[in-house]
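The values are calculated or read from the model by the stated rules, or taken from the named source; none is laboratory data. The shown structure was predicted, so the numbers you read here are calculated from the model rather than taken from an experiment. Note that we place each Cβ from the backbone using ideal geometry, even for glycine, and neighbour counts take in every protein chain shown.
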Amino acid sequence: MALLTLRNLSVGYDKDIIVQNLNVTVNAGDYLCILGENGSGKSTLMKTILSLTPPIVGEVILGEDLLRNEIGYLPQQTLVQKDFPASVFEIVLSGCQKASAFQPFYSNADKETARRNMERMQIADLASHAYKNLSGGQQQRVLLARALCATKKLLLLDEPVAGLDPKVTNELYDLIQRLNKEDNITIIMISHDIGAAVKYATHILHIGQHIFSGTKEAYVKSETGKLFMTRDAT
Amino acid sequence: MIETLQVYFQYPFVRYAFIVGILISLCSALFGVTLVLKRFSFIGDGLSHVAFGAIAIASVLNLTNQMLLVLPLTIVSAVLLLRTGQNTKIKGDAAIAMISVATMAFGYLIMNVFSTSSNLSGDVCTTLFGSTSILTLTRNDVFLCVVLSVAVVALFILFYNKLFAITFDETFSKAIGVNTDRYNLFIAIVIAVIIVLAMKLVGSLLISALVVFPALCAMRLFKSFKAVTLFAAAISVVCAIAGLLISILAGTPVGSTIVMMDVFAFSVCYVFDVIFSRL
Ligand SMILES: Nc1ncnc2c1ncn2[C@@H]1O[C@H](COP(=O)(O)OP(=O)(O)OP(=O)(O)O)[C@@H](O)[C@H]1O
Ligand SMILES: [Mg+2]
């Protein structure tokens, strides 16, 4: 059974529909890239998948072995205040928080999970550093490690490389690809970087005036894909 | 000086004042960090005005136990303020300003019209700036304060991790299924309780100082949430004790003396921070 199915889904705010009639299936191990122009509703779609925003029509169906609280999320530009006092470890550990109020404390296993994920993201040496003093790339790794604490199965990433320089961007893409290939974590990533999408993703969902959903290979050959790629190149 | 203090400490009301002062400054500092970081401190300020109005009503009605009226009224207002603040950000601010001035004006008005007290301006001044002396705490006050403070501290420890997570990134918490609205409600209610408690100590106009200064002091010096929380609690208690001692020895008003100690602590932390970041 599919990990995640969007059936006849329309998303938006209040009664304003932004994206209409999506039918998408995501299988375990997929790397899906969501493309589309600014304001086309990519973040809104992601929030709908996470139940942060209710769907207007249709439904988001989670596979049988995927629980609601087993999805890791990297929000678009977390607007953390400039002077928020928090150490890297505190933030990563907060990925282990349980939805239930009856589990108020972190277990040793949680702390172990946090440490392992910091190593995975190569930030173990920053554990006691202040988050606010880190570089943009380091901050994204911290938030990625936090998201990994929440999931072993599905990561939703909203523009993880926004504002990073090319070198750091590539490092982050490599890390994400490794999570997908080696740890078999399903990735759904929003991106404006069509080059990276075509390079790393297995599937593409393009939203906007023309909706495309299918494999990367089909996308490259499609009208939408051609149009978007040539425009991007110029 | 030590002898003078020994004499003072023989009086139960002096000991009461210290118990109450330490507990209140502890509670307000613990939640102050969350309040400042969540940008909820304006709610604290608005609530202190509501509490003033509620006290005015209680004293006009000649209630023997004012808390029974003041506490529920302030909690209800906290919940309402949080709702309006969340729905529409800008209007929320305006709503709080409106409620603040309305309750203050109403409070003063009814105190003026209906009060049977011979010393009206004294009463008003006490409610606004805290008692001039610390003789006014009764055994019941102290008992209530101890019970509520212990509850507040226990809840803080129990929900410390959730408070951090929600303060740092509410969206993320919500995404992994945490009922963040419920925790915001919880925060608002606890703030209301703290404000009502702190009215006794420093009066309604000065409460915000107890909430805001310790957090700002700690944020100057420490970079992790845990360290900030612990230091804020410690500095707040130290300031309260120092303020109480000075006010006993020098006969100054309790509330303003404690607040001045907080201001002083902040300046010290500020200077410390500037010097250390230069090094
Ligand atoms: N909370 C909200 N309430 C109402 N409308 C909103 C809200 N958030 C976003 N919108 C609107 O929904 C539309 C889609 O926004 P969304 O953030 O999903 O776009 P996006 O594709 O992620 O854009 P970007 O590439 O800039 O991140 C925009 O027109 C935006 O103005
Ligand atoms: Mg977006």
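Here are the criteria: (1) loosely packed, with under 15 Cβ neighbours inside 10 Å; (2) at pLDDT 90 or above; (3) within 16 Å of ligand 1 (Cβ to nearest atom). Tell me which single one A:SER191 does not satisfy.
With respect to (1) loosely packed, with under 15 Cβ neighbours inside 10 Å; (2) at pLDDT 90 or above; (3) within 16 Å of ligand 1 (Cβ to nearest atom), A:SER191 is out only on (1).
Of everything in segment A:195-234 that's under 17 Å from A:LEU32 (Cβ atoms) and of a type in the set (Val, Ile, Thr), which residue is modelled with the lowest pLDDT?
Filtering first and then ranking leaves A:THR224.
For residues that are among the charged types (D, E, K, R) and more than 13 Å from ligand 1 (Cβ to nearest atom), scanning just segment A:38-96, find the one that is modelled with the lowest pLDDT.
A:LYS82
Where in segment B:164-228 are the helices (runs of 4 or more DSSP H), entirely inside, with at least 3 residues that are closer than 21 Å to A:ALA101 by Cα and within 14 Å of chain A (Cβ to nearest Cβ)?
B:170-175, B:180-202
So, of the residues in segment A:149-177 that are under 20 Å from B:PHE172 (Cα atoms) and not hydrophobic (A, V, I, L, M, F, W, C), which turns out to be surrounded by the fewest Cβ atoms within 10 Å (Cβ to Cβ)?
Filtering segment A:149-177 for residues that are under 20 Å from B:PHE172 (Cα atoms) and not hydrophobic (A, V, I, L, M, F, W, C), the one surrounded by the fewest Cβ atoms within 10 Å (Cβ to Cβ) comes out as A:LYS152.
Please work out if B:LEU128 is in contact with a Gly (Cβ under 8 Å, 6 or more places away or on another chain), touching a residue at least 60 places away in the same chain (Cβ under 8 Å) and not β-branched (Val, Ile, Thr).
Taking the combined requirement at face value, the residue satisfies it.
Among the residues of segment A:23-80, count how many are β-branched (Val, Ile, Thr), within 13 Å of ligand 2 (Cβ to nearest atom) and away from chain B (no Cβ under 11 Å).
3
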